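The values are calculated or read from the model by the stated rules, or taken from the named source; none is laboratory data. In this text the structure is predicted, and so the values were computed from the model without any measurement. Cβ atoms come from the backbone with ideal geometry, glycine included; neighbour counts cover every protein chain shown.
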Amino acid sequence: MKVNKNDLKRSILLADFIVYLKWSFFRKYNSSIMLTESHLKVIDALIDVYKRKDRKLIINLPPRSGKTEIVNTFIEWTITKHPNSKYILTSYADTLVANSSQQIRDMINSVEHKEIFNIETKKDSQSKKLWKTNKGGGVYAVSSFGQITGHGAGTKNKDEWGGCIVVDDPLKPDDSNSLLKLNKVSEWYETTLSNRKNNPDVPIIVIMQRLHTDDLVGKILKNEYKDADEWRVVKIEALNENTKTSFWEEYYPAEKLLQIRESNKPYFYSQFQQNPIVKGGNLFKSEWIRFVKREVVEKIRFEKKFITVDTALKDKEKNDFTVYTAFGVFENRLYILDMFRGKPRSVEREVTATAFYEKHSTYPFRGMHIEAKASGIDLFQRMKDSGKIVYEIERTTDKVFRAENVSPYMETHGVYIVDDIECINDFISEYEAFPNGVHDDTVDTVIDGFEIAYSAEDIVSTYMNMLT
């Protein structure tokens, strides 16, 4: 009996993902794929998801390790086996996720693929972001925070493979110090993405390099979504620090990895070792921060409001910033309402300070508090001469000592900040890096704010009011 060559190829390629991966890679790039032991661990984990041994999978790999290529080909292989399967594919940028979707679609539409598998995509759904097979399956590609209304992953049938949700690097490395972005990814995942399953058993695959202790994987492992025990974690460290060997010597020589470790430890331990560390001394905790919407604080009747000021001596780029921060106190909570961070010159400093003062000096305003140092003394005098309510702040102890004194209040009451403040990311970066950051000017004003809000006089007053 004569064996059809294409039938034989089909059965071999569909039976073994590694064989299919090598075949697909060669067709796309006309070269052979390099698979290390680490890559094989990733592939084994993906196969277990396909076999429904695991429903939730985390894969942490160093950057530029081929993770996107492998996971894209996994989607390609499974949709070839099950043309009715539906996928949601996400990443931090529209262009990246659209390119991944296009790569999968183009391979399925290629002559080589059609000759063996005879699968087609529908002609009326050929966009990069959304395409469908003639069997009802397909891929919907969307960036983080994007709209998913009307799209779901998987099928109603729980007894066979029907597709999955794939999260491929939901946050770009440049945003790793933005607590606001980290929280937005978390909220989007919890309230939107994870709910787009067409049945409860549809798998979720998160494949990413670690960026921060509070990135998506960090929040999953901290059990913030109440499902930490449901996740399988494949964690690939770039360097074995005991043996000084690399996970992929040809691409990431151990010598190079050691250089990266010495030059930038936070970057190395997060993105290469998958063990993110908090920059600086971890004096201030990220979880103390509470983001508040502008429309919420506008309805609050604050008990008092005030401004703190930290001025810079020079305006050159390498020097410190001038910062004005507006606060409101309500029910023993301190709210950061607004913040200016810039490098105005002497005369400009008075102009910007006056504008900020007038913007926030509405009732019940308690004045502007300015650090008593060279440029601050000059600003204080100018503002006082113009009839403004101003006070001088005398700092007699170092900033770390002052920070340690106010940190219990931060932990107990929280650090409330309006989430639309223009320089909010600068503040979060300084806050998390303190006391070892390049700049800490915004943090100085916030420390001042806590000292003023929770001064002994105010604390006594609060408790007296509670008693009466």
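Taken together, 149, 155 contain a single residue that is at pLDDT 95 or above and either in a loop (DSSP other than H, G, I, E, B) or not assigned by TED's automatic domain parsing to the domain that holds residue 60 (or both), which is 155. Of the residues screened, residue 238 is one that is among the small types (Gly, Ala, Ser) and in contact with a strand residue (DSSP E or B) (Cβ under 9 Å, 6 or more places away or on another chain). Residues considered: 237, 250, 224, 230. Of these, the only one that is surrounded by fewer than 16 Cβ atoms within 10 Å (Cβ to Cβ) and closer than 19 Å to residue 36 by Cβ is 250. Of all residues in the stretch 254-272, those that are loosely packed, with under 15 Cβ neighbours inside 10 Å have Cβ atoms under 9 Å from Cβ atoms of residues that are hydroxyl-bearing (Ser, Thr, Tyr), 6 or more apart or on another chain, in 255/246; 256/246. The number of residues in the stretch 384-419 that are within 27 Å of the chain's Cα centre (by Cα) and either surrounded by 13 or more Cβ atoms within 10 Å (Cβ to Cβ) or more than 25 Å from residue 180 (Cα to Cα) (or both) comes to 12.
Would you confirm, using the coordinates I've provided, whether residue 349 is among the basic types (Lys, Arg), in contact with a Leu (Cβ under 7 Å, 6 or more places away or on another chain) and at pLDDT below 95? So residue 349 fits the description; yes. For residues that are crowded, with 16+ Cβ neighbours inside 10 Å and among the small types (Gly, Ala, Ser), scanning just the stretch 4-38, find the one that is nearest to the chain's Cα centre (by Cα). Out of the qualifying residues, it is 38.
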